[in-house]
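Single-structure report; data block below.
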Amino acid sequence: MSHQGFRFDDYYLWNSFWSSLNGGHIDMNYKWAFEQYWGKGSYPPETIVLPEKDFDALVERLNKPPEYNENLAKLFQRKAPWEE
């Protein structure tokens, strides 16, 4: 990162300059932003522990291709508006 373009008599750039020096600036505000989106008291996120049998069933279901849907296949065969 280069700070060559910063001049210390440009007062409106001071915040940008010091924020860019501090690599943890985003991390310091992460908890606040997380709770703002998910609600107060939601940080740290809840940890979910699955039994091995349930985890294997979940992975198997994710790896299985979805059933054929004729309407979806027709939708994908249509031309896009910019191709017409």
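Numerical summary
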item: Cα gyration tensor, segment 28-73 - rounded (a/c under 1.5), prolate or oblate; result: oblate
item: Ordering of 71-82, 54-65 by burial proxy (mean other Cβ atoms within 10 Å per residue, highest first); result: 54-65, 71-82
item: Cα-projected label distance for GLU35 with LEU62, points at 7 Å along beta-carbon direction, nm; result: 3.0 nm
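Where a number appears in this text, it was derived from the coordinates with a stated rule and is not lab data. Note that this is a predicted model, so its numbers are computed, not measured. Note: ideal-geometry Cβ built from the backbone for every residue, glycine included; neighbour counts use all protein chains shown.
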